[in-house]
């Protein structure tokens, strides 16, 4: 019996140990699973930091309020304002992405806004307060300054409440980070949102520091240590460069964009792909997959179309091109005026006609109301015509064809004439299932206009190349200096936004701005031009003399300039801006959006500015 017993006991022990081990392993696995489930994701950590930064922003605004109440010194109040702005910049990339309306209330331009219901909304936020505190704060403005600060703090708390329920995703976070780099490039370093204090470089540095800090939550080094180190290096170079800039006017924006910002946004895309975080493929004017703002093909000329069915195809573009140069579009019940679209939009003149105002139909040398704008890059605008009266290019085509002064045509009659032409019948059948209709006619012409996208100047190629020898041959020293003046001291890029150099507002590119410049009636500059622009449509005072901001690309071929063609040369245009627009000429326009203080450009700076625009 003893041997039998001794045989059984070891077997019991060998059976019991695995059970214990299994139970322990299950306990560990369960604990690990629970811990992993409770462990915050990178996106959750980003949000937690964002909420903490919002609390810091609230504290800095509260401190600013106390500084105003306590009648601190001018420098003390200004320093408190600057600290609040730096705190704002740390939350901007998420705030602007998830809560654009509240962000606009916090940091929108200090000009009244007319909404879609034609209500005039007074400006509020940091930029309003900035103009009260800089360059000198007057105790007479204390009450208004306190009220503005209270509104800012209220909007910070509103932003906090809105953000509490937002669930961030990794894809959105990386998208927002790249857009913030683009925002720094297009709005930050240009002085767009610090137009009086010119505190732009420290604020841009604060925005980039926030991105660098938030990126750490993704532990990129675990996946690609070299890429992580490279990102840290470029972040450091960009932030150091911004912080070491002593004067707003002296910052080398061309080098910053080409060697730091473009590299940074590209590396952020690399990091996102390395981390296997999906990149959006949704439809936008600026592709969500753009590595930089100056890459080829990142702007979608079909974005501002009414329906997907109206998007361009090669057949539609070819058909539209033929129609563009055919007087058949000016057919009306009495015959044809023999006008074509190309009468006023000539390819060799960048699709303008070289006239101050185009000749109107009829005798007597009458002219149309406004200068013929270039059609190049017209598709990269949210609205059309100088007064922004239509949204879609199809409506612009319809308006021009039927305008009694321009083409004096009839869409129904043009459709009838086209239907009699076997070549056109075949072309329309190949391009549209509906065949020849008024809608397909206007869409074909609009498709051709959308194909007239031109974003490949020497400036673009300079910013795309990584070869120093190749880059040095693309731009002269004057052109480089002119770029920095355009983006800085000249304040040009605060309306003509880089890199489209039109009024379509980056980085969302959802709206195109109008500005009140106070353009004179004649080059002598004695009176403001009587054309009231957008005011005719809205009847709202902020829009009196307001005109859409056009592109300055291909500007050497689009003279004469301004909506009324008043200036024959770019030198005259620069002189007008240097003097402070219409108010600099003494017109006294309360609603002028162009800063009316003189730019104080030197003769050499004016020359460089013109040289840069010619390089576009």
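The values are calculated or read from the model by the stated rules, or taken from the named source; none is laboratory data. Worth saying up front: this structure is predicted, and the values here are computed from it rather than measured. Neighbour counts run over all protein chains shown; Cβ positions are idealised from the backbone, glycine included.
Considering only the range 292-305, I want to know if a residue exists there that is over 22 Å from residue 466 (Cβ atoms), under 23 Å from the mean Cα position of the chain (by Cα) and exposed (fewer than 13 other Cβ atoms within 10 Å of the Cβ).
As a first pass, look at the range 292-305 and keep what is over 22 Å from residue 466 (Cβ atoms): 300-305.
Now narrow it down to the ones that are under 23 Å from the mean Cα position of the chain (by Cα): 300-305.
Okay, now just the ones that are also exposed (fewer than 13 other Cβ atoms within 10 Å of the Cβ), so none.
No; the residues of the range 292-305 include none that is over 22 Å from residue 466 (Cβ atoms), under 23 Å from the mean Cα position of the chain (by Cα) and exposed (fewer than 13 other Cβ atoms within 10 Å of the Cβ).
Taken over the range 199-227, the criterion of being more than 28 Å from the chain's Cα centre (by Cα) and without any contact (Cβ under 8 Å) to a residue 40 or more places away in the chain is satisfied by 221, 222, 225, 226. Looking across the range 291-328, just one residue is without any contact (Cβ under 8 Å) to a residue 60 or more places away in the chain, part of a helix (DSSP H, G or I) and over 16 Å from residue 450 (Cβ atoms), and that is 327. Of the listed requirements (1) in contact with a helix residue (DSSP H, G or I) (Cβ under 8 Å, 6 or more places away or on another chain); (2) part of a helix (DSSP H, G or I), residue 72 misses just one: (2). If I filter the range 130-137 for residues that are under 30 Å from residue 265 (Cβ atoms) and surrounded by fewer than 22 Cβ atoms within 10 Å (Cβ to Cβ), do I get at least one hit? Checked against the condition, which is being under 30 Å from residue 265 (Cβ atoms) and surrounded by fewer than 22 Cβ atoms within 10 Å (Cβ to Cβ), the range 130-137 yields no hits at all.
Could you tell me whether residue 335 is on the phi > 0 side of the Ramachandran plot, surrounded by fewer than 16 Cβ atoms within 10 Å (Cβ to Cβ) and within 18 Å of the chain's Cα centre (by Cα)? Before you say what the answer is, go through the steps one by one.
Details: on the phi > 0 side of the Ramachandran plot: yes; surrounded by fewer than 16 Cβ atoms within 10 Å (Cβ to Cβ): yes; within 18 Å of the chain's Cα centre (by Cα): no.
No; evaluated as a whole, the condition is false for this residue.
What's the total number of residues in the range 387-399 that are closer than 22 Å to residue 546 by Cβ and surrounded by 21 or more Cβ atoms within 10 Å (Cβ to Cβ)? Spell out how you get there, then give the answer.
At the first step, the residues of the range 387-399 found to be closer than 22 Å to residue 546 by Cβ are 387-393, 395-396, 399.
Filter once more, keeping what is surrounded by 21 or more Cβ atoms within 10 Å (Cβ to Cβ): 387-388, 393, 396.
The qualifying residues number 4.
Criterion applied to 509, 448, 424 was being touching a residue at least 12 places away in the same chain (Cβ under 8 Å) and assigned to a loop (DSSP other than H, G, I, E, B), and the one residue passing it is 509. Look at residue 493 and say whether it is closer than 24 Å to residue 200 by Cα, touching a residue at least 60 places away in the same chain (Cβ under 8 Å), out of contact with any strand residue (DSSP E or B) (no Cβ under 6 Å at 6 or more places or on another chain) and assigned to a loop (DSSP other than H, G, I, E, B). No, not satisfied. You will find that of 151, 114, 61, the residue that is more than 23 Å from the chain's Cα centre (by Cα) and either on the phi > 0 side of the Ramachandran plot or surrounded by fewer than 20 Cβ atoms within 10 Å (Cβ to Cβ) (or both) is 151 and no other.
Here residue 234 fulfils each of the conditions (1) outside any helix (DSSP H, G or I); (2) buried (at least 17 other Cβ atoms within 10 Å of the Cβ) apart from (1). Residue-level analysis places residue 267 among those that are outside the structural domain of residue 431 (by TED's automatic domain parsing) and either modelled with pLDDT under 95 or in contact with a helix residue (DSSP H, G or I) (Cβ under 6 Å, 6 or more places away or on another chain) (or both).
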